[in-house]
Amino acid sequence: MTQQTRTARPEADPSIILPTPERDELRAVVSQFVARHGTHEGVRQSIDSDLGYSDARWRTLNEELQVAALAVPEALGGHGFGFADLGVVLEETGAALLPEPILVSAVVAGQALVRADDAGSVTDLLGAVMEGSRTIGVSLDSEVTMSADTAATSGAGPVVNGIVEGVLWGQAVDSLVVVASSGGERVLVIVDLAGAERQSREVVDLTRRRADVHLADSPARILVGAARFVDVVRELRLITGAALAAEHAGIAARLLDDTVAYVSQRHQFGRSIGSFQAIKHRLADMLVGRERARSAAMYALAVLDQEDASDADLAVAVASAVCADVVTASAYEAIQLHGGIGFTWEHSAHFYLRRALGDEGAFGGGREARRSIADLVGV
């Protein structure tokens, strides 16, 4: 029996991932910000705070860089940048392991509000998100129960009940975008967490706290009704996957740079260990991984900017698989090549491994992404 081999190739013009002067300038600005405000020592201090991140750095991210407004359409008060531009920010902030809720609140939650059935009904929330004065979590894998008007809201609107497990930044966010079921239909709602009970979870990645959120007659607004629910949730999943891939690409780049710097200055037998052939081969593998990750992530984000791109699902799945594998392999390699110091609590290398492993638990790793690829190409 002849085995049939199925292949899938990018459909968009490769030029969509070429550098542009605007993106290079944006990268320089974000890189300077990270150098000033996102040192590893600063990250360590902020993760020990009550919020789990620096409120001052979060305000600066939104006031100076306006990260939450970048990819919001100008008609809704944003800057109208594309996801490819946003990817530059995610690479740099991911590389610094900034613990602020950029991925969830500034990116995914903001895009959920942009896609609301009635955008005018959530302008207050979107404006607060873009200002950074309100943070919003997102859980697309959990489901709560929605009921009609009750005394809990004085008849003002629906309420939801249920437990949403493992919400990223669950202890700190003010609201939560979550799937709700009512009368056999599923909708996307945003829930006010002012009176919700929250239980912190023990996490691997200290830069991304998680919590179980218990909702009891919590007031909610319907963002997306049943008619558009499937399409909008699909879009939000794609945005999440591509944004996470960009963070992983940034981390892989930082790990390579830090490792090259270390092996260049670490001497043994009268020469830098980076000059040894065995080390060069391992660094070359890290370089190849970095380039694969960056190209895959950039392509996925750029495809999301295309109108009616038919290969968006596949592009994001490939980026998720490639970048998840590369970030994990790079983190392990960086620890090994840093020698004994890389295993210590004082060094940053193991923080990157924690991020890679934590993201695998929160979002799914390379294995899950490859399963999606197989389904998409019919293997």
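Rundown of residues vs (1) closer than 22 Å to Phe351 by Cβ; (2) modelled with pLDDT under 95; (3) assigned to a helix (DSSP H, G or I), yes/no style:
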| site | (1), (2), (3) |
| --- | --- |
| Met1 | no, yes, no |
| Val30 | yes, no, yes |
| Arg44 | yes, yes, yes |
| Tyr53 | yes, no, no |
| Glu63 | no, yes, yes |
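Looking at Leu103, Leu70, which one is under 21 Å from the mean Cα position of the chain (by Cα), in contact (Cβ under 8 Å) with a residue 40 or more places away in the chain and surrounded by 15 or more Cβ atoms within 10 Å (Cβ to Cβ)? If you could, list the steps in order and put the result at the bottom.
Values: Leu70 fails: in contact (Cβ under 8 Å) with a residue 40 or more places away in the chain.
Testing whether each residue is under 21 Å from the mean Cα position of the chain (by Cα), in contact (Cβ under 8 Å) with a residue 40 or more places away in the chain and surrounded by 15 or more Cβ atoms within 10 Å (Cβ to Cβ) leaves just Leu103.
Considering only region 209-232, state which residues are closer than 17 Å to Asp141 by Cβ and either in a helix (DSSP H, G or I) or basic (Lys, Arg) (or both).
Arg210, Phe229, Val230, Val232 - these are the residues of region 209-232 that are closer than 17 Å to Asp141 by Cβ and either in a helix (DSSP H, G or I) or basic (Lys, Arg) (or both).
Which of (1) in contact with a strand residue (DSSP E or B) (Cβ under 9 Å, 6 or more places away or on another chain); (2) not assigned by TED's automatic domain parsing to the domain that holds Val326 is the odd one out, the single condition Gly184 does not satisfy?
All conditions are met except number (1).
Within region 345-379, which residues are closer than 23 Å to Arg209 by Cβ, more than 16 Å from the chain's Cα centre (by Cα) and not in a helix (DSSP H, G or I)?
Answer for region 345-379, where residues must be closer than 23 Å to Arg209 by Cβ, more than 16 Å from the chain's Cα centre (by Cα) and not in a helix (DSSP H, G or I): Trp345, Glu346, His347, Ser348.
Could we say that Val204 is β-branched (Val, Ile, Thr), in contact with a helix residue (DSSP H, G or I) (Cβ under 6 Å, 6 or more places away or on another chain) and in a loop (DSSP other than H, G, I, E, B) here? Outline the logic, then answer.
Values: β-branched (Val, Ile, Thr): yes; in contact with a helix residue (DSSP H, G or I) (Cβ under 6 Å, 6 or more places away or on another chain): yes; in a loop (DSSP other than H, G, I, E, B): yes.
Answer is yes for this residue.
As an exercise: evaluate Asp212 against (1) at pLDDT 95 or above; (2) closer than 21 Å to Leu244 by Cβ and give the number of the one condition it does not meet.
(2) is the only condition that Asp212 fails.
So which of Val322, Val327, Val318, Val288 is in a helix (DSSP H, G or I), within 23 Å of Pro99 (Cβ to Cβ) and either at pLDDT 95 or above or in the same structural domain as Gly80 (by TED's automatic domain parsing) (or both)? Let's see the steps before the verdict.
On the way: Val322 fails: within 23 Å of Pro99 (Cβ to Cβ); Val318 fails: within 23 Å of Pro99 (Cβ to Cβ); Val288 fails: within 23 Å of Pro99 (Cβ to Cβ).
Every option except Val327 fails the conditions.
Only one residue in Ala211, Ala246 is closer than 30 Å to Asp174 by Cα, of a type outside the set (Val, Ile, Thr), surrounded by 22 or more Cβ atoms within 10 Å (Cβ to Cβ) and without any contact (Cβ under 8 Å) to a residue 60 or more places away in the chain, so which one is that?
Ala211
The values are calculated or read from the model by the stated rules, or taken from the named source; none is laboratory data. The structure presented is a predicted model; accordingly, all values stated were derived computationally and were not measured. All Cβ positions, glycine included, derive from the backbone under ideal geometry; neighbour counts span all protein chains shown.
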